[in-house]
Structure formats: structure tokens, C-alpha cells
Amino acid sequence: MLDKLTQKVSDALRFISGKSAISEKNIGDAVDAIKMALLEADVNLRVVRRFVNATMEEAQGEKVLRSVDPGQQFVKIVHDKLVSFLGDTRQDLRLKGPDALSCILMLGLQGSGKTTSSAKLALRLKKEGRKPLLVACDLIRPAAVEQLAILGGQIGVPVYKEEGARDPVAVYRGGVNWAQKNLIDTLIIDTTGRLQIDEPMMEELSRLKKAAAPDELLLVADSMTGQSAVDIAKTFDEKIGLTGVILTKFDSDTRGGAALSLKTITGKPLKFVGMGEKPEDLEPFYPDRIAGRILGMGDVVSLVEKAQEVIDQKEALALQKKMEKETFTLEDWLEQIRAVKKMGSLQALLEMVPGMAGQVSEDDINREELKGQEAILSSMTRKERANHLIIGPSRRTRIARGSGTSVAEVARLLKKFEKMKTMMKKMSKFNRNPQAAQAMMSRMQGGFR
Ligand SMILES: Nc1nc2c(ncn2[C@@H]2O[C@H](COP(=O)(O)OP(=O)(O)OP(=O)(O)O)[C@@H](O)[C@H]2O)c(=O)[nH]1
Ligand SMILES: [Mg+2]
């Protein structure tokens, strides 16, 4: 899912995030590329326009943070805008407490996935400790009741049905009765779908809604129908009123346009996505995770936040100076190692550093070695760390003992440090970007093989 969109958006952003200075033209180009990607993904044109305007506006108004470069900051703006277009925060079901009877009414066109999604929701609620009951109110399609009964059997959730019933509202009432006798706390009502929205359907749903006063009116829409899923949601909301949407077949929807347009056009939250045919294949919809996936750059928010925490521009500058003046000490090295350890994924951070994208993989970083280095460095005195030249044989023995390593390992570390210093001297001559300096440090201290 979303593969193509991810590819295009991340290409556009990768280009700009690798820049330590960005111009209006850079931003314009990136925004244009994202715009094309969204349109290709079948996102509603109005939504795309709004997205572009909001992003441009923010990018121009944003003051530059001292700890991230403008390219990275732009990535975050795009991310935050995506999140807000996808609905901001996760919207869970709003049900009553377990002492009262809650009700979920499922609606949607024929074949959209109502019956399957009813079972999926039932399984989910059951796992959360609720006692759901599936109520078979699709009395039109011949095998509908049987299909629900089979699904209920599979997931171990009771199904209420009435043989030969003709009136869904009567079945609903029977369901409530049964529920009260059997300690049920949530009704999930499966309804009839039609090929298109028509009067009889709306009538039936209105009657059910009036009778049941549901806590949730969930539209089940097929994401593969793209923008028409959004139009359908709009119509259902106007005629019946919705509290949320489940987009099904998200596993086979490679474009994702419906997910991106839905909230903006209808104002209704996307609560779940169907990710397959099995009862387990239902996922809560997390706007920030989907946005992260679309950007294809990992979880950008947390990255930029981590970068703000760890790559402090001021610190990076100080490091750069030390490298140039060759006053980099073991003490600085220890500090660097601790900073790296604080980060979750070094690779992810390095990806954001100008010029480093695609060059490092987590496999390259030897975390064990990092730990060993920290142990050795911590076993030195401050004085030793300030001047490594004073560390003779007896001091080496003490440090090895203190860190649970061997004299050979201590010697190896000191040798590595000498090598790092030489390398830095060379690097600092042609690389005057403080963040690149820090990234290079990270690479070296990470024990790159
Ligand atoms: N791949 C995939 N298939 C799905 C998903 N949800 C439903 N389906 C399939 O879509 C088809 C229709 O699903 P149903 O649950 O019967 O749809 P419905 O809305 O109840 O259909 P009617 O009762 O005829 O209106 C079935 O073959 C399901 O297995 C999903 O999230 N992913
Ligand atoms: Mg059905």
C-alpha cells in the first residue's frame, strides 16, 4: 500500500532535506513534486490545494530553529501538515462503559466490507475485554445472515439472528433483549448494502438509527474506489450522520487517496483500516504513523525531535572547532558516545544529516563495541581523558581492570583515537559543516567496520 506515493514524496523530501540552506525555489520545487504525487494518488484536488497552501505558508513563516537545519525543518512541516490532513490524532471508538449497552451501526454500499468489518470489530472489542454481540440485520442478501453466523463462530462471538425475519428494526429489538439476558455490553449491527445509495436503503438505516440511537455510526468504505469512497462518505453523513469511517481493502489500495481526502472533505475521522480478509486484519488508524509511512523517512517527527535534543547546533559548532584546532580529547569522545547511545537509531539520524543520506546502515554500527568503548573511557580519570599521552602501561592495566576489558583492548582504543584525530584533521580541512562533522564523529565512534 501507498508505495508509489511514498516513493515520490520521499524523493522530493530527500532532495531538500540534504540541504543546509534552502531557498524559496527549493521549497517550491519540493512542494510541486509532492503536489503531483498526491494528485497521482487520487487525492481530491481541493485537498491537494489546501495542503500545498498550508505547507507553503508555514514554511515561509517558520523561524529557523537553531538545532535543525532548514531542510530538516521543512520535512517536519510537511509531516505535520500530512498528520493534520489525516485527522491529527487517533480517534478511537466512543462507547459507553461496560455497565450500559453500547451500539455500533455499520453501514455502507454492497461489497464494501460491512459484514467482514463487523466481525473484525467484534474480535477487537472481545480482546479488549468487552462482550460484543453481532446482530444480523441484513435481511436482503440471501446468504448474509449465514455469513455473519460463520464469522461469529470463527471468532467466538455470539450472533443474534431471527429466521425468516423481514424487519431489521424488529431484529434489532430482539437483539437488545437477548443482550440484556446474556450480559452483552456492545451491539454491532450488520446492515444491508446496496449497489448505490438509494431511498429504500436510507429509509431502512434511518429507522434503525432512530430505534437504536447508536454510539457509533460507522461507514464502511472500499478504499480501492478512491475519491468515490469520499463522495459516498459525504452523502451518508448528510443523509444519516456518521461518527467515523472504516476504510477497507487498504492492503490492496496502492494509492491511498481516499485516506488522505476523507477527513478534510467530510470532517469525519477515519477510525480503522481493513488490512486483509481475516478477522484479525483490522488496524486502528494512526495519522502520524501513516504520515511517517508516506514520507518514507521513518518517523520524522521523533527524528527531528531527537535531532533537536542531540545535534545541538551550538554543540556541533564547538565540536567543529575542536576538530579544526585538534583539541579533541578522549573526554569529548566519551561525551559523543553517550550522545549516540541516547538516540534510538543512529542510522535514522544520520539519514537526516546533509550528505549522509543513504550512506549508512544500522548494520554498520557496532553497538557492542560502543558499549565497550564507553566502559573503557569511563574507567579513565578526567585527567587521563584530557591528555591521552599520559596513559602508560600501569595506567592501562588499571583501566583494563576497572572496565572489565584487557590491556590489549585499552591499547586498541587508544590507537583508534589517534587514528580518529588524524582523520579529523584531514576532514575538517574540506568539510566545514558542523553537522556533518558531528555525523562523521558518530560514524567513527560507532565502531564502523
Ligand atoms: N483484501 C481485503 N479484502 C476485504 C477487506 N474487507 C473485506 N474484504 C473482502 O471483501 C469482500 C466483501 O466483504 P463483505 O464483508 O461481505 O462486504 P459487505 O459490505 O458485507 O457486502 P454486502 O453484504 O454484500 O453488502 C469479501 O470477499 C471480503 O473478504 C479488507 O480489508 N481487505
Ligand atoms: Mg454483508
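Some values worked out for this structure:
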{"read-out": "Single residue of Leu107, Leu148, Leu133 found to be modelled with pLDDT of 95 or more, touching a Phe, Trp or Tyr at 6+ places or on another chain (Cβ under 7 Å), open to solvent by less than 50 Å² (accessible area, probe 1.4 Å) and within 10 Å of ligand 1 (Cβ to nearest atom)", "value": "Leu107"}
{"read-out": "Matching residues in region 380-404 - criterion: being surrounded by 14 or more Cβ atoms within 10 Å (Cβ to Cβ) and within 17 Å of Lys415 (Cβ to Cβ)", "value": "Met380, Glu384, Arg385, His388, Ile391, Arg395, Arg396, Ile399, Ala400, Ser403"}
{"read-out": "Residue in region 38-52 that is farthest from the chain's Cα centre (by Cα), counting only those that are touching a residue at least 40 places away in the same chain (Cβ under 8 Å) and surrounded by fewer than 16 Cβ atoms within 10 Å (Cβ to Cβ)", "value": "Arg46"}
{"read-out": "Residue count, region 349-368 (criterion: open to solvent by less than 70 Å² (accessible area, probe 1.4 Å) and modelled with pLDDT of 55 or more)", "value": "2"}
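The values are calculated or read from the model by the stated rules, or taken from the named source; none is laboratory data. This structure is a prediction, so every number in the text was calculated from the model and none was measured. Ideal geometry is used to build each Cβ from the backbone, glycine not excepted, and the neighbour counts take in all protein chains shown. Remember, those area values only see protein heavy atoms, side chains included, never the ligands or the DNA or RNA. Shrake-Rupley method; radii C 1.70, N 1.55, O 1.52, S 1.80 Å.
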